[in-house]
Structure formats: C-alpha cells, structure tokens
Amino acid sequence: MQRYSGFGLVKHALSHHENWERQWRNPTPKKQYDVIIVGGGGHGLATAYYLAKEFGVKNVAVIEKGWLGGGNTARNTTIVRSNYLWDEAAALYEHAMKLWEGLSQDLNYNVMFSQRGVLNLGHTLQDMRDIQRRVNANRLNGIDGEVLDAKGVQELVPIMDCSKNARYPVMGASWQPRAGVARHDAVAWGYARGADAHGVDILQQTEVTGFKIRDGQIYGVHTNRGDIEAKTVGCVAAGNSSVLAKMGGFNLPLESHPLQALVSEPIKPILDTVVMSNHVHGYISQSDKGDLVIGAGIDGYNGYGQRGSYPTVEHTLQAIVEMFPIFSRVRMNRQWGGIVDTCPDACPIISKTPVKGLYFNCGWGTGGFKATPGSGHVFAASLAKGEMHPIAEPFSMFRFHSGALIDEHGAAGVAH
Amino acid sequence: MFYIYCPYCGEHREEEEFHPKGQAHIERPKEPEACSDEEWGDYLFFRDNPRGVHHEMWVHAVGCRKFFNVTRHTVSYEILETYKMGEQPSITADSQGPSREAAAVSQKEGVRA
Amino acid sequence: MSNAATFDTRTDTAIPVESPLAYSYRHSGAPRAGSSSRLQLRERAMLGHLILRGGAIVLDEAVRDVLGISLPGQPQALVQDASGERSIQWLSPDEWLVIVPGGEEFPLETQLRERLGDAHFAISDVSGGQTLLELSGEAARELLMKTVVYDVHPSNFPVGKGVTTVFAKATTILRRPSEERWELVVRRSFADYCYRWLLDAAAEYDVNVQP
C-alpha cells in the first residue's frame, strides 16, 4: 500500500499526480474464502479490515452488489456520538468512539473526524429528566457528558431560538463534547483501502442470490458471478438484511423504512456543532463545505425505494426553522433517502443465526454510521473466533425470544 | 406522495390524512399463556419485510378513523389495492409478477443499495 | 330507554358561557371590513353538536322519527332539514355528526335514547368541544385551496358534501351546505390556532369577521 503523507503529495505533484496507485484492486472472485462478508458499506468493510489486520484472517472477500459505500454509508448525516443509556449499548458505541479517535492514523486515511460536540435538546420537563438520567448513566460508564440549561445552550449556539416564544422552548440539553461528525465516504474508502492492503478481495457489482446450506451449516453463496465457497459468512446489508435472511430460511425482527436527509446550498461557517432535537424532531450540522446537513424522522411505512415522502421533508424543515429562524430563507440543494433496518428495541442485531456459520450484523436503524468502527471490530472478532465478542453478545437476535431487550428509543434519538 | 383510496370513505385521499400501522393480517395467538417464548416473540417482534409486494395496515387518522389494509410494492411504492379489515387481499406476491413500475425502478442505477 | 346517565349541559344557573373563540376575539380581534370584503367569516357559536354511533339502519329509523330527516348513508354526505338549521353529516361508516340550534340537543338526545331503547348505539354531546365557522364570499374557495389538502373544486366538492380533513396541519370538518357557503367545524383546542390562521390567510381578501 502506498502510504499517504504531505511528503508524498509534494512528490506526486512533480509527476502531475499521474502516478497514484489505485486505492484497491478489482480482483476476480476466487472459488473459496475463509470468510465472506456480504455488503460493502462502512460496517462490512470495517469488518473485513479488522479481520485481516487484527485477527489474522486474510483470506476474506467482501461482496457488494452495487459500489462501495453506496447505501446508507453515503446517505447518512454523519453524526458520531456514544451517549447511550444502557450499559450494553454504551459499551458498544463507546468502543466505536475510541476507535474513531485514532481512526485516521490507523487507516492512514483522513476520515475528517471532527469532535465538535453534539447537543441533544430538551423541550419539556420530562425531556430534561431523561437527559439527566442518561448523562448520569453515561458518566458511570466513563462516557463524557454534561447537562446544560437553556443559557448554556444559547452560549454554545447563539443562532438558535432559545427564547420563551418558541412553540417548544429549549429548556436545556445533554452535551457530549467528544461527539461530532466524520466524512462518510472517506470512512468506506479508508477501510476498503486498508482491507485491500491486507489481502482482502473486494468484489463490487457482485450480487448474492442465495446461500449454500447443507445440514444447517453454510458452505458458500450463489452470486451473479458464480458460486463462492466459505464456511463463515457475515451479512452486513442494512436495509436489505431481511431479504438475505429470507434466503437463509428465517425471519428477522426488522422493518426497512425510508429515512431522508437533505443538504442546503453552501453558506459561510455559522454552526460549529451538531444540534439534535427529539421533540421538535430534527437534527442539523454544517459540513466543511458549508452545506447545512439536515435529517429527521423515518417514513412510517416499509420501503426499499431509497426515497421518502414530501410530508416528511416539510415536517423536517418546519422543525429546523422552528429552532433556527435564521435558516428560514436558506435554499435546499438535494434530498435523498436511505433504507434503514429498524429493530423493535432501537438496538442492533450482531448475532449468530439458526444457520451455523451464518452471522448477521444489522438492525442499526437510523444510527449505524456512528458505530462503524466498533461494529466492524466486534463483528470481526466474532467471525474469527466463531464465538460472539463480549460486547456483541447482548445483541443476539434471540433476545426477541428471551425478552432481554435493550430499549434505546430515548438515546437512539430523533427517529426509530 | 401517496394518494390512497380509503375503502370506507370510498374515495382517494392525500397521504397526510393517513398513518401506516405495520404488517397486516397478524393474528394474536388464541391462547397467549400456552405460547412458548419463541412463538410469543415471533408474534410480537418478527415481521415480514419483503422487497416487493407487501400487505400492511393503514389508518385513515384524519378522516373516518378506520383501519384498513393496503397491498403495496415496497420498491416502486405502487399501491396495488386497498381493502377493508377482515377481507383477504386479491393481489399477492405469488399472483403478481414484478409490476411495470417496479421493474423500471429496480433497473435504474442508484436504486441498487 | 337505555340506562346511560345523561344531563343537560345548559342550566338556568347564571354561569358565564363563552364560545371556544372568545379568547381569540379578545387577543386577535375581529376585523371589520366594508363592501370591498371578498370573504366573510361568521361564527355560529353555541349550537348543539351530537355524535351518533351505531348501525345505520337502526339510527336512520330513529332519526327520521325524531328529527324528520333521514340519516345520510353515503360517505361524505351532508343532509339538512328545510330550514337549514338542523343537519346530519356522515363521518364514518358508524358515526354521524348532528348539529341543531343551541338548546335543542338535550331534548333531542333524550328523545333519541327513548326511541332507540335497547339497540346498540352511543350518543355523545360534544357541543362544548367544538364550534362552527361559516365562510362565504367570492374568495372562500381560494382561501380553502391554500389551507386544506382536500380538493375543493366544485366538481369534487358539490353542495351536500362534508369531509374530515387536514386544515393547516390541524384536523377540521369541512362541509358545503349551499352554493355560496362553506362551514368548518373546529375543535375547541385548535380553535384559536385555526382562527388566527384564517385571519392571516384571509387578510389579502379583506376579511370581515362577525363573531
């Protein structure tokens, strides 16, 4: 792998930047791998990267039916935080947060992780009680967090309407300073380059059409480029997980919903943190380019169309203008949708399945991006050892039979 | 934007008047006490989530406030039929090949997540 | 006679009674306009509103006997008596809204209960929970077009129709009792919001309000 550095940039400038090597190869599929990862988004590529780098499993293929990071990795609003209520979830997201903090160095790829802090606003007394409880729980788990009052919020975000005149006046917020945003595409590309450098085969335009299962044990997949064999298969396919599960002959407790996001025209720097409001129902940050990045709730119906409905767009923008009257005349540039696989308890599924050797990592709903490194790391550990990593253990799909749910609807935030 | 035919109001109404309410035709176990954990968990949490023809409940929340069923394609979002509670769908995944619109959408690039 | 407990909400005691819009008139005013006005807004306060629920056939017989008008069986239908003072509107396959002059609702409820006897039905007096607003004038339809999601073109909304729909994000009943008149039934809790929306939206038509 060609390492990136300032010196390299200067060197390549001398040859007009014509001799950069490709970031990853485009190999032809082998007949057989030790592990197959289905899904070439952030989580899948991270899994492959850690498998090869940390757990010594280098004979790995990532199978992606479209292009790398073309699903929810490219469609989210890039918020990274770890202020979850329950110990199990906090451990998982904080594991990811710690990896985020060293990720650019680890990958030798600038993922533009910017710890600009995230505010979760409270607009009612109950909101504030929930926020206090969550911040206290976070601190007990060693996760940074503070409870701010309205004045504190106003100091952090002077342009927000924190007056009493708002329909739902801001009463305070939880504040996680270590949280922030990252560059979504760079995360996928950085992991892809790193995985490729460790020998992982990344197979794009390759669609899994079925699983090869004998006596309850998986031994490969059917694809549109022929059959590929492996005794361990990990599916990381977000919105399409239910479709894959059906190929495996079982159901998942998932529903796939459209989730929308929008960006505005670029404007000068005005918002240097991330603001989320569950109650008024919207979240917003400003990208390095200057676009306002805006998101809100899912559409209530199931859908694989990667587009959302107009009433949701209207609702989202009403919430943003309610909080930020100053943005009322900003024009929106683009709007799109992703397919989020929501779980009944707003927590993911990282799990073995009824098919031996077949593992699923899904159900991240509206909040998968923030967990990308942690999800990949614990899933890789589980695939390598054949036993679930202790952090992943509580997220078994069988918790919906045992009743050991991890209800994170409060911390999952705006929508789920 | 959906334009939904409410089988009780007898006319098409705007999406804003409705709420989706999840998968249709889920039957509550006759004897919940006799259920195994697995059966009860399946009933509560496990759902059909097809990429294609799907049967779901909607409620005409701002309107007649009746629940009814919708058969809808989850890729093209085309509504294939709506029918009253207690009735059975006349269009199912088996009876329906991929619809024209759905086929067109799935061929379009960028819809292949 | 069913054994439901009923009581007359209008008493002889001197309790001040206010329409759901009383607060709004005090705070937002009631603009008067001259002959240039293209929209008139009039509240018909303190009418009697009853919700009837039950089977259409049973209710129809009782309503015809007691009120002299037949129950509209078709969705979205609105019928009135000859004077136009009493109306019944279809709300749902088992639900109708009856509006009568103020003070008539309790005798009507009592008579209907007697007439219906042991039948399976429910009657709720919702007079205090909502109020009726009349819109007339040449700009009435234009105002509705920018306010409700429902198509109010005469081809889709003839006289004798009534729907429950989204009115500026709130829920209201919208009905058309005659060519030149539209009626809104708004909930007490949304009344101030709807009224202020109407004033704002109708300012360009020089709205004339008759409280």
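Computed values, structure above
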quantity	calculated
Given charges at Cβ of Lys, Arg, Asp, Glu: chain A dipole, positive-most of A:VAL10, A:THR342, A:TYR304	A:VAL10
Shape call, the protein assembly as shown: gyration tensor on alpha carbons, a/c limit 1.5	prolate
Environment charge of A:LEU271, counting only residues whose C-beta is closer than 15 Å and scoring Lys/Arg +1, Asp/Glu -1	-3
Cut-off 18 Å, label 7 Å out along Cα→Cβ of C:TYR25, residues of the range C:115-143 by amide N	C:128-136
25 Å Cα-Cα threshold exceeded, pairs from A:LYS246/B:LYS66; A:LYS30/A:LYS231; A:LYS98/A:LYS268; A:LYS356/B:LYS30; A:LYS58/A:LYS385	A:LYS246/B:LYS66; A:LYS98/A:LYS268; A:LYS356/B:LYS30
Max mean-square fluctuation residue, GNM over chain C, Cα-Cα springs under 10 Å, options C:PRO20, C:PRO177, C:PRO101	C:PRO101
Nearest-20 debye value, the range C:24-210 charge dipole, Cβ charges on Lys, Arg, Asp, Glu	540 debye
Calculated FRET value between A:GLU393 and A:ARG214, using beta carbons and R₀ = 30 Å, to 0.05	0.60
Modelled FRET efficiency - R0 25 Å, C:ALA45 with C:GLU179, Cβ distances, 0.05 increments	0.55
Neighbourhood net charge (9 Å Cβ-Cβ; Lys/Arg +1, Asp/Glu -1) for A:ARG25	-1
Rounded accessible area per residue of the range C:24-210, 1.4 Å, Å²	42 Å²
Charge tally in the Cβ shell below 13 Å around C:VAL100, where Lys, Arg are +1 and Asp, Glu are -1, C:VAL100 excluded	-3
Cα pair distances of chain A binned at 10 Å [whole percent]	5, 23, 32, 25, 13, 3, 0
GNM top mover of A:ILE298, A:ILE228, A:ILE267 - chain A, alpha-carbon springs below 10 Å	A:ILE267
Cross-link partners of A:LYS164 among lysines (Cα-Cα below 21 Å; sequence separation of 8 or more within a chain)	A:LYS151
Cβ-placed point charges (K, R +1; D, E -1), dipole of the range A:16-162 about Cα centre in debye, nearest 20	560 debye
Size of electric dipole in the protein assembly as shown: Cβ of Lys, Arg +1 and of Asp, Glu -1, about Cα centre, debye, nearest 20	2320 debye
Per residue, in Å², the accessible surface of the range A:6-103 once ligands and nucleic acids are set aside, probe 1.4 Å	43 Å²
Rounded, prolate or oblate (a/c below 1.5 giving rounded, otherwise prolate when a/b exceeds b/c) for the range C:24-210 by Cα gyration tensor	prolate
Average beta carbon contacts from partner chains per residue of A:394-402, 10 Å cutoff	3
Fraction of antiparallel bridges per DSSP, chain A only, in percent to nearest 5	70 percent
Sulfur and carbon atoms: percent of accessible area, the range C:24-210 [1.4 Å]	48 percent
Distance between modelled label sites at A:GLU265 and A:PHE55, nm, 7 Å Cα→Cβ extension	4.9 nm
Accessible area of the range A:362-416 belonging to carbon and sulfur atoms, whole % at 1.4 Å probe	56 percent
Where A meets B: accessible area buried, both sides, 1.4 Å probe, Å²	2800 Å²
The range C:1-103: chymotrypsin sites (Phe, Trp or Tyr not before Pro) in DSSP coil with no more than 16 other Cβ atoms inside 10 Å	C:PHE7
Sites C:VAL149 and A:LEU140, calculated FRET efficiency, Cβ-Cβ separation with R0 56 Å, nearest 0.05	0.70
Positive dipole terminus of the protein assembly as shown, leading residue within C:GLY160, B:PRO29, C:GLY117 (C-beta point charges)	B:PRO29
Solvent-accessible area lost in complex, 50 Å² minimum, residues of the range B:24-65 relative to chain alone, 1.4 Å	B:PHE45, B:PHE46, B:ARG47, B:ASN49, B:ARG51, B:VAL62, B:ARG65
Choice from C:GLY73, C:GLY54, C:GLY34 showing the highest fluctuation, given a GNM over chain C with Cα pairs closer than 10 Å	C:GLY34
Highest-first arrangement of A:132-141, A:78-87, where packing means the average Cβ count within 10 Å	A:78-87, A:132-141
Entries of B:LYS84/C:LYS146; A:LYS11/A:LYS65; B:LYS21/B:LYS84 with Cα pairs more than 26 Å apart	B:LYS84/C:LYS146; A:LYS11/A:LYS65
Within the range C:1-38: backbone nitrogen closer than 16 Å to the C:ASP65 label point (7 Å, Cα to C-beta)	C:1-3
Selected from C:ALA191, C:LEU108, C:ILE57, residue furthest toward positive end of dipole (the range C:24-210; charges at beta carbon)	C:ALA191
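The values are calculated or read from the model by the stated rules, or taken from the named source; none is laboratory data. Quick caveat: nothing in here was measured; it's all calculated off a predicted structure. Backbone-built Cβ (ideal geometry, glycine too); neighbour counts: all protein chains shown. Surface areas here come from the heavy atoms of the whole protein model, side chains and all, with no ligands, DNA or RNA. Shrake-Rupley method; radii C 1.70, N 1.55, O 1.52, S 1.80 Å.
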